[in-house]
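The structure appears right after this line, and notes come after that.
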Amino acid sequence: MTIRKRLTIRFTGLVSSIMLLAFVSIYAFCWYFVSSDFYRRLDRKATTAGDMLIRHRLDAQLIRQLSRIRKDQLPEQKITIFDNRDSVIFITNEALSLQIDKATLATIRQSKKKDFQQNGYYVSGLRFMTASGQYIVIASAKNTYGDEFLRRLIWSLSSLFLLIVGITAISGWFFAGDALQPMQQIDNTLSAIFPNNRDERLAVAKDDDEISRLSATINRLLDRAVESFRLQRMFVANVSHELKNPLTQISSQLEVSLLNRREPEAYRQTIRSVLDDVRELAGLTHELLQLSQVNQDDAAGMLTDIIRLDELVWDIRDEVTALNPRYQVSVSMGTLPDDPDQLTLHGNRTLLATALKNITENACKFANDGRAQVHVSSSPKALHVSVQNTGHPIPADDLPYIFEPFYRSQQTADIRGYGVGLSLVSRIIRLHGGQIMVCSEGGQPTVFSIEIPY
């Protein structure tokens, strides 16, 4: 069922319920008023007859004659009086058959008064107490005009209710269509955007309503999607390029070696060169595997080690300085807690060591003097590690993309590498619930800052 149909049904149901409640209340009020008014008239008839016959002891025949000639008689009016033995001592309009059983008379004697309906007649019974005993006066009649009014009222209200339901349903259908028209426009625009025109965006109205906010959110989502497509294409292009070069070199060297018979030493040189290319491919494959294995969904099963961050930093210092005699790493400690246990965190030591090693090695590699400074500090909620070096700053246009796989700027194009390291670092830090930031400006050191919560 479409949203338009659901809205129409709900709107119609709501309005119909309100109108039904209102009409039922109107009918109930009218019924109560008409019935109460008629019962009051019957009570006056019974009281008048009882006063004349029982208390004032007027002649019964005279009372009958007065009843016949009075112009305020109710339709099919009948007065019946019973003595204390439930015997009829007075009756008018004997042609009308309305039997009152003894149980009803007993109820009237007990409660002094009772109004009820029987066989289409409205009946009012009163008890009269005299010195000679108890008497019951029953006044009955048909409420012809009141019942006809109620019948017409219920037909009118029913017809009006059906008319209102119909008008509400039609109005709700058009109102729902008008309210959902922006959604239809969004659907049509989105259908046209992919795959034909990825640069098109939804129109955002100036009104700060739900549709405008939704359009703005979708536009931001489209921007991220287009950026993801761009990075994906760049990733595939870079991987293809990185794989193509060593494979082409291997193929060309082997083809040249097969053209002519050569000395054993020439073959050994070719094999060593091919082996270097194979090692390069193996290194690239290893980094790709590392990148694919760091998955946020596996965090619960991977972060099981208890790591002393300061000790890990010192170990990384020794590993990086052993890679190249030119590399020099200095470690400084900032504000640290008095309790050494507060320098520990739950994580994966191997992955965290890989992340810190990659950042520190990059700092040494791109520093003018091969030096990197590592600073460790803590705050009430997190541990902080910053790695800085002095060298050429990272171009501002490249900063948003340095953590993307295989992204390499023109500044690093002539330096050996695959562009996977920083992407791997970012994933490892996010896996530990932390964040990594970089600050690089001209004339200032380049600083990579890592924050990992306890």
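Here's the yes/no breakdown for (1) on the phi < 0 side of the Ramachandran plot; (2) touching a Pro at 6+ places or on another chain (Cβ under 7 Å); (3) assigned by TED's automatic domain parsing to the domain that holds THR8:
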residue: GLN118; (1), (2), (3): yes, no, yes
residue: LYS142; (1), (2), (3): yes, yes, yes
residue: ASP178; (1), (2), (3): yes, no, no
residue: GLN185; (1), (2), (3): yes, no, no
residue: ASN188; (1), (2), (3): yes, no, no
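Rundown of residues vs (1) in a helix (DSSP H, G or I); (2) surrounded by fewer than 12 Cβ atoms within 10 Å (Cβ to Cβ); (3) among the polar types (S, T, N, Q); (4) modelled with pLDDT of 80 or more, yes/no style:
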position: GLU148; (1), (2), (3), (4): yes, yes, no, yes
position: LEU163; (1), (2), (3), (4): yes, yes, no, yes
position: GLY172; (1), (2), (3), (4): yes, no, no, yes
position: ASN197; (1), (2), (3), (4): no, yes, yes, no
position: ARG201; (1), (2), (3), (4): no, no, no, no
position: ARG230; (1), (2), (3), (4): yes, no, no, no
Self-check item: Residue among ILE154, ILE136, ILE89, ILE108 that alone is hydrophobic (A, V, I, L, M, F, W, C), farther than 23 Å from ALA49 by Cα and not in a loop (DSSP other than H, G, I, E, B)
Solution: ILE154
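If you take the residues of region 111-131 that are outside any strand (DSSP E or B), farther than 19 Å from GLU76 by Cα and not basic (Lys, Arg), which of them is modelled with the highest pLDDT?
Looking only at region 111-131, we keep the residues that are outside any strand (DSSP E or B), and these are 111-112, 119-120, 131.
With the extra rule that they be farther than 19 Å from GLU76 by Cα, the set shrinks to 111-112, 131.
Among the residues that remain, those that are also not basic (Lys, Arg) are: 111, 131.
On the way: SER111: 89, ALA131: 74.
Step by step, filter region 111-131, then rank; the result is SER111.
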Quiz item: Any idea which of ILE428, ILE436 is crowded, with 17+ Cβ neighbours inside 10 Å and either at pLDDT 90 or above or of a type in the set (Ser, Thr, Tyr) (or both)?
Solution: ILE436
Exercise. Identify all residues within region 95-107 that are closer than 13 Å to SER140 by Cβ and touching a residue at least 12 places away in the same chain (Cβ under 8 Å); write none if there are none.
Key: LEU96, LEU98, ILE100, THR104
Practice problem: State which residue is surrounded by the most Cβ atoms within 10 Å (Cβ to Cβ) when the search covers only region 108-128 and only residues that are within 60 Å of the chain's Cα centre (by Cα) and in contact (Cβ under 8 Å) with a residue 12 or more places away in the chain. | Solution: TYR122
Practice problem: Would you mind finding the one in ALA192, ALA131, ALA179 that is touching a residue at least 12 places away in the same chain (Cβ under 8 Å) and either loosely packed, with under 13 Cβ neighbours inside 10 Å or of a type in the set (Gly, Ala, Ser) (or both)? | Solution: ALA179
Quiz item: Is there any pair with a first residue in region 19-47 that is closer than 20 Å to ARG127 by Cβ and a second that is of a type in the set (A, V, I, L, M, F, W, C) whose Cβ atoms are under 6 Å apart and which are 6 or more apart or on different chains, and what are they?
Solution: LEU42/ALA139; LYS45/ALA139; ALA46/LEU126; ALA46/VAL137; ALA46/ALA139
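Select from region 258-279 the residues that are acidic (Asp, Glu) and not in a loop (DSSP other than H, G, I, E, B) and write down the one among them that is nearest to the chain's Cα centre (by Cα). Let's see the steps before the verdict.
Narrowing region 258-279 to residues acidic (Asp, Glu): 263, 265, 276-277.
Okay, now just the ones that are also not in a loop (DSSP other than H, G, I, E, B), so 265, 276-277.
Details: GLU265: 72, ASP276: 56, ASP277: 54 Å.
It comes out as ASP277.
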Quiz prompt | Qualifying residues in region 342-372 (those that are closer than 20 Å to SER440 by Cα and basic (Lys, Arg)) - the one nearest to the chain's Cα centre (by Cα) | solution = LYS357
Quiz item: If you go through region 356-365 one residue at a time, do you hit one that is among the β-branched types (Val, Ile, Thr), in contact (Cβ under 8 Å) with a residue 24 or more places away in the chain and crowded, with 23+ Cβ neighbours inside 10 Å?
Solution: yes
Quiz item: within 30 Å of ILE26 (Cβ to Cβ) and of a type in the set (Ser, Thr, Tyr) - does that describe any residue in region 164-179?
Solution: yes
Quiz item: Can you name the residue in region 244-282 that is surrounded by 15 or more Cβ atoms within 10 Å (Cβ to Cβ) and closer than 28 Å to LYS357 by Cβ and is also modelled with the lowest pLDDT among such residues?
Solution: GLU280
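The values are calculated or read from the model by the stated rules, or taken from the named source; none is laboratory data. If you're wondering where the values come from, they're calculated on a predicted model, not measured in any experiment. Positions of Cβ are backbone-derived with ideal geometry, glycine not excepted, and every protein chain shown enters the neighbour counts.
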